[in-house]
Amino acid sequence: MLEELKKQVYEANMELPRRGLITYTWGNVSGIDRETGYFVIKPSGVDYDKLTLDDMVVMDLDGNKIEGNYKPSSDTPTHLELYKKYPEIGGIAHTHSSEATSWAQAGRDIPLYGTTHADHFYGSIPCARKLTPEEIYSVYEKNTGLVIIETFEKRGINPMHTPGVLCTNHGPFTWGKDATEAVQNAVVLEEVAKMATKTELINPKVKPAPDCIRDKHFFRKHGANAYYGQ
Ligand SMILES: O=C(CO)[C@@H](O)[C@@H](O)COP(=O)(O)O
């Protein structure tokens, strides 16, 4: 079932350790087939060194396992909430990559300091609020998804313009039109987080780049009037 999607999701998962974003089993990538409403995700707790194409798990949007030998990633309920809310999202990646996770643990948005950031993320990369003890003890991963959505809705952020978020006390999630793009955004987020940390170290008084940098650079690469592409 969904052999092409499984292949893409497996390859996207394997790109994470190749890019140095994964330690042990800490992370997961999924991709959705919008026709069937099924999504493919990495199994839980399987070491990336041992992960095979056949280990991928197929789920539906009600949280039922459709196919697979293992349990789905423990972060599945977070992926599921994002897929249900945003039909434009075709793939999601989660890591504990150290630069982005450090900003998440610090509970801070990553300000837009330059064009590297603006080429990929429109405006600052938001940090979703801390979960309450009740939210943590009930269904932590589902509530993580709901708090991400709350952040984007309250702040009026378009998730396809800012395809990533930091979750306080946890780590980053990124997404895109498919699993491959979700991982590319995870790679960019890690670099942007590293540069922001260094920028603030070099100049603790630095201010975010002006809005015209944000607008010019982002919309040159994305949307109807993009200069790049066809
Ligand atoms: O954040 C966590 C656990 O705290 C997970 O993202 C990480 O360990 C990966 O879990 P899975 O192996 O995908 O279940």
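Using the structure shown, decide if Thr25 is more than 21 Å from His96 (Cβ to Cβ), assigned to a loop (DSSP other than H, G, I, E, B) and either within 15 Å of the ligand (Cβ to nearest atom) or touching a residue at least 12 places away in the same chain (Cβ under 8 Å) (or both).
When the stated conditions are applied, Thr25 does not pass them.
Residues in the range 73-89 that are within 12 Å of the ligand (Cβ to nearest atom) and not in a loop (DSSP other than H, G, I, E, B): how many?
Result for the range 73-89: 4.
Within the range 42-58, is there a residue that is on the phi > 0 side of the Ramachandran plot, away from the ligand (no atom under 13 Å from the Cβ), at pLDDT 95 or above and of a type outside the set (Ser, Thr, Tyr)?
No, the range 42-58 has no match at all.
Kindly provide the set of residues from the range 133-165 that are within 13 Å of the ligand (Cβ to nearest atom) and either polar (S, T, N, Q) or in a strand (DSSP E or B) (or both), ordered by number.
Passing the criteria: only Thr144.
Taking the criterion of being more than 17 Å from the chain's Cα centre (by Cα) and farther than 26 Å from Lys221 by Cα, would at least one residue in the range 104-116 satisfy it?
yes
Find the residue count for the range 138-184, including only residues that are within 16 Å of Thr76 (Cβ to Cβ) and of a type in the set (Asp, Glu).
Number satisfying all stated conditions: 1.
Return the residues of the range 200-230 that are in contact with a Phe, Trp or Tyr (Cβ under 9 Å, 6 or more places away or on another chain), loosely packed, with under 15 Cβ neighbours inside 10 Å and part of a helix (DSSP H, G or I); say none if nothing qualifies.
Listed by number, the residues that qualify are Glu200, Asp215, Lys221.
Looking only at the range 167-182, decide whether some residue is part of a loop (DSSP other than H, G, I, E, B), at pLDDT 95 or above, touching a His at 6+ places or on another chain (Cβ under 9 Å) and surrounded by 17 or more Cβ atoms within 10 Å (Cβ to Cβ).
There is at least one residue in the range 167-182 that is part of a loop (DSSP other than H, G, I, E, B), at pLDDT 95 or above, touching a His at 6+ places or on another chain (Cβ under 9 Å) and surrounded by 17 or more Cβ atoms within 10 Å (Cβ to Cβ).
How many residues, within the range 90-132, are assigned to a loop (DSSP other than H, G, I, E, B) and small (Gly, Ala, Ser)?
6
The values are calculated or read from the model by the stated rules, or taken from the named source; none is laboratory data. Computed from a predicted structure; not experimentally measured. Positions of Cβ are generated from backbone atoms using ideal geometry, with glycine treated the same way; all protein chains shown enter the neighbour counts.
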